[in-house]
Amino acid sequence: MTIRTPSQTIGPFFHVGLKWEGGEKVAFQSSGKSIVLTGRVYDGAGNAITDALIESWQADPEGKAPGAGSAASAPGYSRAATDGEGRYRIETLMPGVCSGANGEKYAPQIHVTIFARGLLKALRTRVLLAEAGSLGGDPLAKAAGPRVGTLIAKQDAKDASLWEWDVRMQGTDETAFLEI
Amino acid sequence: MTARDRMDVDPPYDYPLYKSTVFRAPKQPLLRVAPHPIETAGPVFPKSFAKESAADLTTWGKSAPLGEKMILAGRVTDEDGSPIRDSLIELWQCNASGRYAHPVDQHDAPLDPNFLGQGKVLTDGNGEYRFVTVKPGAYPWRNHPWAWRPAHIHLSLFGNAYAQRLITQLFFPGDPLLPIDPIFNSVPDEAARQRMVCTLDLEKGIEEVALGYRFDIVLRGPQATPMGA
């Protein structure tokens with residue numbers, strides 16, 4: 001077996017090489033309900049992380065993994081750097097419900113990868129786009145147990161297309177990050 | 001072979017010698033959960049995403065950039081040896097003086113108007129890739145007294161599955177700054193650290209024009225971590 005190439009930090013200068021024009025807009029082959037996922041990223045001192053890179057990957061509105069598309073980018077995938085207030089913003093479509101190998105149903109959720117200076121390897125997690133009360137059967141919600149609240153995006157009371165989800169690296173409400 | 005049998009080559013999150021980890025490394029252990037159904041798939045980039053010209057960082061300006069011209073070439077495979085085909089690699093680096101074309105970089109070394117330091121390629125059907133660039137310089141940083149980063153090139157890879165995503169750094173053989181670089185040394189295993197060091201391979205270069213360096217990259221397998229393994 002060959003030794004893998006280890007991970008290293010993205011550092012503070014990644015914008016030089018990793019900027020995608022319109023990278024925060026997710027392309028799909030199919031149509032669906034437009035949503036915006038946005039939020040801020042905080043470090044353990046409560047300061048906004050203004051040099052993080054957030055990438056997302058998700059099922060299409062039918063709950064299938066997006067394949068190749070005719071768009072200029074990769075369907076189902078986004079990239080957005082945090083701004084001066086530590087805020088990211090992703091414009092996408094509501095992902096569909098996915099079925100696991102044993103018939104288990106996954107609530108709509110978006111895979112998130114976080115890179116930043118000070119992270120020697122990426123942090124991975126998933127954000128749930130559903131109300132807490134409707135997540136009873138979701139395998140991730142079950143596994144997260146008492147920490148599930150850190151993975152649930154909050155739907156805006158006035159604008160139903162707007163979902164807010166913050167990331168906290170440390171602290172009592174530290175985001176539940178996943179081993180994948 | 002399960003994911004658990006693999007050697008964990010990655011650095012820990014919590015590594016205080018690299019000061020930026022102190023408030024950014026999560027304190028709680030990562031949750032082990034069943035893989036979500038789309039983790040073994042991954043983004044598919046169109047060929048147009050990495051134009052052929054994006055593989056050559058030395059033709060961006062009006063004339064050639066300063067520095068030692070080099071070819072960086074190698075092959076991307078997974079840990080079972082299968083080639084990673086048609087997969088996006090992004091590269092960024094500072095110039096030959098050790099300065100990034102980035103507003104946050106205030107190092108008092110000159111910018112090079114002919115060097116931006118960004119490149120993109122898709123691997124070919126055999127997992128091979130090739131960039132033309134210049135060797136980056138070392139530069140000081142404020143992590144600790146007398147801290148200088150060894151010359152390095154940042155590389156971002158997608159593999160063919162979401163779980164294979166990797167960002168790493170490439171270092172150069174014989175660099176005397178390697179033994180004192182906390183980022184390089186955050187990788188605990190010596191053999192794994194050497195995986196991040198390229199090798200001089202003159203025949204990958206262009207005679208009388210550019211030095212050649214080989215850098216093969218090994219990604220994990222596409223399968224997600226199994227539960228309870």
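Any read-out appearing in this document is the output of simple, stated calculations on the displayed coordinates, not a laboratory observation. Everything quoted here is computed from the prediction, not taken from an experiment. Every residue, glycine among them, receives a Cβ derived from its backbone with ideal geometry; neighbour counts consider all protein chains shown.
Data overview
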item: The one condition in (1) in contact with a helix residue (DSSP H, G or I) (Cβ under 9 Å, 6 or more places away or on another chain); (2) surrounded by fewer than 21 Cβ atoms within 10 Å (Cβ to Cβ) that A:ALA101 fails to fulfil; result: (1)
item: Filtered residues of segment A:82-117 (kept if out of contact with any Ser or Thr (no Cβ under 9 Å at 6 or more places or on another chain), among the aliphatic types (A, V, I, L, M) and touching a residue at least 24 places away in the same chain (Cβ under 8 Å)); result: A:VAL97
item: Pairs where the first residue, in segment A:118-129, is free of Cβ contacts under 8 Å to residues at least 40 places away in the same chain and the second is part of a strand (DSSP E or B), C-beta under 6 Å, 6+ apart; result: A:LEU128/A:GLN109; A:LEU128/A:ILE152
item: Count of segment A:13-47 residues which are within 11 Å of another protein chain (Cβ to nearest Cβ) and either at positive phi or outside any loop (DSSP other than H, G, I, E, B) (or both); result: 7
item: Every pair of residues 6+ apart whose Cβ atoms lie under 8 Å, when the first sits in segment A:1-24 and is without any contact (Cβ under 8 Å) to a residue 12 or more places away in the chain and under 17 Å from B:GLY117 (Cα atoms) while the second is part of a loop (DSSP other than H, G, I, E, B) and among the hydrophobic types (A, V, I, L, M, F, W, C); result: A:PHE13/B:CYS94; A:PHE13/B:VAL104; A:VAL16/B:ALA101; A:VAL16/B:LEU116
item: Exclusive hit being of a type outside the set (Phe, Trp, Tyr), more than 13 Å from chain A (Cβ to nearest Cβ) and either buried (at least 19 other Cβ atoms within 10 Å of the Cβ) or in contact (Cβ under 8 Å) with a residue 24 or more places away in the chain (or both), set B:ALA54, B:ALA109, B:ALA41; result: B:ALA109
item: Segment B:189-210: number of residues that are under 22 Å from B:TRP141 (Cβ atoms) and touching a residue at least 60 places away in the same chain (Cβ under 8 Å); result: 1
item: The one condition in (1) in contact with a strand residue (DSSP E or B) (Cβ under 8 Å, 6 or more places away or on another chain); (2) more than 9 Å from chain A (Cβ to nearest Cβ); (3) closer than 24 Å to A:GLY17 by Cα; (4) not polar (S, T, N, Q) that B:ALA161 fails to fulfil; result: (1)
item: Considering residues of segment A:44-58 that are touching a residue at least 40 places away in the same chain (Cβ under 8 Å) and small (Gly, Ala, Ser) only, the residue surrounded by the most Cβ atoms within 10 Å (Cβ to Cβ); result: A:ALA52
item: Qualifying positions in segment B:117-131 - assigned to a loop (DSSP other than H, G, I, E, B) and either more than 10 Å from every other protein chain (Cβ to nearest Cβ) or surrounded by fewer than 20 Cβ atoms within 10 Å (Cβ to Cβ) (or both); result: B:THR123, B:ASP124, B:GLY125, B:ASN126, B:GLY127
item: A:SER70 vs. criteria hydroxyl-bearing (Ser, Thr, Tyr), touching a residue at least 12 places away in the same chain (Cβ under 8 Å), surrounded by fewer than 19 Cβ atoms within 10 Å (Cβ to Cβ) and within 19 Å of B:PRO43 (Cβ to Cβ); result: yes
item: Boolean, B:HIS102 is in contact with a strand residue (DSSP E or B) (Cβ under 7 Å, 6 or more places away or on another chain) and not in a strand (DSSP E or B); result: no
item: Answer residue from segment A:73-91, given it is under 18 Å from A:GLN58 (Cα atoms) and basic (Lys, Arg) and is surrounded by the most Cβ atoms within 10 Å (Cβ to Cβ) among those; result: A:ARG79
item: Within segment B:4-25, considering residues that are surrounded by 15 or more Cβ atoms within 10 Å (Cβ to Cβ) and farther than 15 Å from A:ARG117 by Cβ, the one farthest from the other protein chains (Cβ to nearest Cβ); result: B:ARG6
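Okay, residues lined up against (1) crowded, with 18+ Cβ neighbours inside 10 Å; (2) assigned to a loop (DSSP other than H, G, I, E, B); (3) touching a strand residue (DSSP E or B) at 6+ places or on another chain (Cβ under 9 Å); (4) not β-branched (Val, Ile, Thr):
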| site | (1), (2), (3), (4) |
| --- | --- |
| B:THR133 | yes, no, yes, no |
| B:HIS144 | no, yes, no, yes |
| B:LEU155 | yes, no, yes, yes |
| B:ILE167 | yes, no, yes, no |
| B:ASP175 | no, yes, yes, yes |
